[in-house]
Each structure stands twice: as structure tokens, then as C-alpha cells.
Amino acid sequence: MNSKKRVHAALSREPVDRVPVYMWFHPDTAHHISDLLEIPVNYLGDAMGNDVRQTWINNNYAMEGITHEHNGEGHIDFWGIKWVKEGAFNQPVGFPLTGAGKEELLSYKFPNNKIDFLLNLMGPVLEQQESYFIGCDVSPCVFEMYWRLRGLENALTDMVANTELTRTMFKRCAHFALTLARKACSAFPLDWLWTGDDIAGQTSLIISPESWRELIKPLLAEIFAVGKSHGLWVA
């Protein structure tokens, strides 16, 4: 039983030869374990038995797919967000819509001219499609994408002070993720569509369940529906 069959069987609640594995690691942990195993760090997932092959094609590519060696190094992504390496990770430090008014928010242009580039990031993953369970990550989808553009405090304030404008901007963020999902699901032999929209800190939610149900849930449902319409698992 190869990895692809193993994950499909487990998700279908059918017998498998072992529990499927899909893990990724804090960079410091990855280096520590790879040193113990005396293997290159980029082989760690294979050594731990990962059954899934997946990559990012939305803004999480800018966060996790672009790496820097030294603290303080950074980049500005296709969305205009500035990232700087702080510790093990890139952190957003510059938000293109921080001081924007209504008209500037509504006229903001998502990087539609980069969609082909983003889709092509799936290339190395698809080379393993025969043996592995293939995923495509279109996160962040709604709230998380908006606050990266607007800044977290501004985004939360907008939800309370200008709910209808926020609703429109959430729809615009979701539409970009929806476009990526539709194109990826149509073009690639995927096994699942991976979505994401973090709405919590380490200890608690940062928005109420009621606000999530009203403003975010229906938009996520549209993205989920794309994967389901193609017969894919959705995560």
C-alpha cells in the first residue's frame, strides 16, 4: 500500500497498513531531529514517513515558501506585504492597506497577474502524484488574508466600526482564494484541497463565533465547495 492509497483508505475509514502521517516541523525542531538522525533537514519528512505532498499557492507561500538565512532579512510579496525574518519564521511587518480609506480599500488590486506563477509552484509536488497523496494549499482565505493587508488591529476595528465594508473586503480576499482553488482543481490531479483561515491566538479566539458565522463561514463554504465539486477531500 503506497502513501496515496493509505491516506485515501484512512479517510474513507477503510483498513490500512499503518496510520497515515502528515507532519511538518518548527525549523529548530527539524534541524535538531535531522542532526540526531544524521540526515539532511530536507529529507526529514521522508524519514518520518510523511504520506502527503503539498505546497502553498496563496499568500502562505510568501510566509513559508520564501526563506531567509539571517534575522532582519526580508522581502515584499506580490500582495505588497513586507515580511522580515524574526527567529525561525517570517513575520508580517508592513501592511499595504494600513492607512487606506474606503476607496483605496475597494480599489486594491490582488495579484491576479501572478496566478500562473503561483499555480506553477505545484510542479515539484505533482512529480510525486503516482505514489503520494497530493494537496494544494490555497490559504489564507478570508480574515487572515485581510488582516495581513490591513494590519490586525485595523482589521478587527473594521469588523466592528464598518461591518459592510469589511464584508466586501472579506469577499474580495475569498474571491482570490476561490480563483486559485478553481484553477488548481481543474488543472491538477489533486487528492485534497487545503484551506485555512486562522482566527485565534495561542490561548483564545480573537473574534467571536457569531462574527465568524456571519462574515467568514459562508465564504469558506464557497471555497470548500470547489474541492467537493471535483470529488476531492477538503481540509
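Rule-based calculations on the coordinates, nothing more; no lab input. Small disclaimer: the values here were computed from a predicted structure and weren't measured. Please note: Cβ atoms are built from the backbone with ideal geometry, for glycine as well, and neighbour counts cover all protein chains shown.
Choose one answer from Leu106, Leu121, Leu156: the residue with the largest mean-square fluctuation in a GNM of the chain with alpha-carbon springs under 10 Å. Comparing Leu106, Leu121, Leu156 in the GNM, the peak value goes to Leu106. When Glu153, Glu164 are arranged by Cβ crowding within 10 Å, least crowded first, meaning fewest neighbours, the order is Glu164, Glu153.
Global dimensions of the chain from alpha-carbon coordinates: Rg and Dmax equal 18.8, 57 Å. Our Cα-only numbers for the stretch 1-82 put the radius of gyration and Dmax at 16.5, 49 Å.
Fewest neighbouring Cβ atoms within 10 Å first, the residues Arg53, Arg213 line up as Arg213, Arg53. Which of Met63, Met159, Met145 moves most in a GNM of the chain, Cα contacts under 10 Å? With Cα springs under 10 Å in the chain, the top fluctuation among Met63, Met159, Met145 is at Met159. The lysine pair tally for the chain, using Cα distances under 28 Å and a gap of 8 or more places or different chains, is 28.
Using a Gaussian network model of the chain with C-alpha springs under 10 Å, which one of Thr163, Thr179, Thr29 is most mobile by mean-square fluctuation? So, out of Thr163, Thr179, Thr29, the one fluctuating most is Thr29.
What is the calculated FRET efficiency for Met23 to Lys109, with r their C-beta to C-beta distance and R₀ = 41 Å, to the nearest 0.05?
Values: r = 37 Å, r/R0 = 0.89.
Efficiency, rounded to the nearest 0.05: 0.65.
For the stretch 91-204, the alpha carbon positions stretch 50, 36, 25 Å along the principal axes, listed from largest to smallest. Determine the shape class of the stretch 95-153: with a ≥ b ≥ c the square roots of the Cα gyration tensor eigenvalues, call it rounded for a/c under 1.5, and otherwise prolate if a/b is greater than b/c, oblate otherwise. Prolate, because a/c is 1.5 or more and a/b exceeds b/c.
Counted by neighbouring Cβ atoms within 10 Å, the residues Lys102, Lys171 run from fewest to most as Lys102, Lys171. With each label modelled as a point 7 angstrom along the Cα→C-beta vector, the Val160-Asn120 pair spans 4.5 nm.
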